[in-house]
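To start, the structure itself, in structure tokens.
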Amino acid sequence: MRWIRPIAMTALVLTLAACTTSPTGRQQLTLMSDSQLNEMGREAFAQYQQDLPAAGQAHQRYAQCVANAIVAELPERERDKDWQIRVFESEQANAFALPGGYMGVNTGLLDIAKTQDQLAAVVGHEIGHVIANHANERVSTHTSTQLALSVLGSASGMQGQGGQQLMGALGLGAQYGILLPFSRRHESEADVVGLRLMADAGFDPRASLALWENMSANGGQPPEWMSTHPSHGQRMQGLQAQMGSAMSRYEQARQAGRTPNCPRP
Ligand SMILES: [Zn+2]
């Protein structure tokens, strides 16, 4: 049965090859179907949970509380995803999001994101990558699409050799020794979308700037944010430019009673 899948999926990819538009109005080439991508995300997340130890329940509840508040404000078609977030025990300050809505934050990043609002900036950014279909764009090169199809069609799946490469392409590279950062364009777009989302959920958007200050003070940035170009300064400028509209969204959210309260463990 397995050998039929690659053939069927190649046909699917060819018919679905499409140009889509990102939340900020950018044209995108997305060769994989949503269902294929979501399945890859789900498999990669399961593999990741086998490979890394989970943090304690208090940390899980904290991250879940922040994620729930943001997911509740997503457009309906995005809210339907299988949104899940897990906190992993790791010193490495990193976070990730996979197609389908599977997210992870390491305890090392919780040391840098010091408040619920700063964590909301992280989670908003990650959700921004997902709803802007960045993984699909990344995988939509000839080689990556071939790789994705061969992994999906193989019996070893994510555990095989191609599986780790594919997990890298999906945004899990840091843990698997494959550094494949999101592009500058993707990073800036995730920043903009994330800022809107956190504000709509009633988290203070100014916390995104505080988060970046903490990262500078910490002497670096998490691998997921390590795109080739935008420096701390450029990113903070990008956030500043959107802050006026984010603040009015935030005030509206607060007036509407969206005042999330997620106690930090
Ligand atoms: Zn990012």
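The values are calculated or read from the model by the stated rules, or taken from the named source; none is laboratory data. Given the structure is predicted, the values throughout are model-derived calculations rather than measurements. Don't worry about glycine lacking a Cβ; one is built from the backbone with ideal geometry, like all the others, and counts go over all protein chains shown.
A few comments on the model shown:
- Close pairs (8 angstrom Cβ cut-off, 6 or more residues apart or separate chains): under 10 Å from V71 (Cβ atoms) in segment 119-130, within 11 Å of the ligand (Cβ to nearest atom) anywhere: V123/A95; V123/G194; I127/A97; I127/V193; I127/G194
Rundown of residues vs (1) small (G, A, S); (2) within 16 Å of the ligand (Cβ to nearest atom); (3) modelled with pLDDT of 85 or more; (4) buried (at least 18 other Cβ atoms within 10 Å of the Cβ), yes/no style:
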position: S154; (1), (2), (3), (4): yes, no, no, yes
position: Q164; (1), (2), (3), (4): no, no, no, yes
position: G168; (1), (2), (3), (4): yes, yes, no, yes
position: G173; (1), (2), (3), (4): yes, yes, no, yes
position: E189; (1), (2), (3), (4): no, yes, yes, yes
position: L195; (1), (2), (3), (4): no, yes, yes, yes
position: A210; (1), (2), (3), (4): yes, no, yes, no
position: E251; (1), (2), (3), (4): no, no, yes, no
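- Pair list, Cβ < 7 Å and 6+ apart or interchain, from segment 90-116 residues that are within 19 Å of Q50 (Cβ to Cβ) to residues that are among the charged types (D, E, K, R) and part of a strand (DSSP E or B): G104/R86
- Boolean, A246 is farther than 17 Å from I112 by Cα and in contact with a Pro (Cβ under 6 Å, 6 or more places away or on another chain): yes
- Residue match in segment 14-28 (condition: within 15 Å of the chain's Cα centre (by Cα), modelled with pLDDT under 90 and surrounded by 14 or more Cβ atoms within 10 Å (Cβ to Cβ)): yes
- Helices (runs of 4 or more DSSP H) (entirely within segment 50-124) containing at least 1 residues that are closer than 21 Å to R196 by Cα and in contact with a Phe, Trp or Tyr (Cβ under 9 Å, 6 or more places away or on another chain): 57-71
- Out of S231, S183, S216, sole residue that is at pLDDT below 95, closer than 20 Å to A135 by Cβ and among the small types (G, A, S): S183
- Search result, residues across segment 197-208 that are more than 16 Å from the ligand (Cβ to nearest atom) and in contact with a His (Cβ under 9 Å, 6 or more places away or on another chain): none
- Scanning segment 215-249 for residues that are in a helix (DSSP H, G or I), closer than 30 Å to G56 by Cβ and away from the ligand (no atom under 16 Å from the Cβ) turns up S216, A217.
- Tally, over segment 68-125, of residues that are more than 15 Å from the chain's Cα centre (by Cα), farther than 25 Å from M158 by Cβ and within 16 Å of the ligand (Cβ to nearest atom): 3
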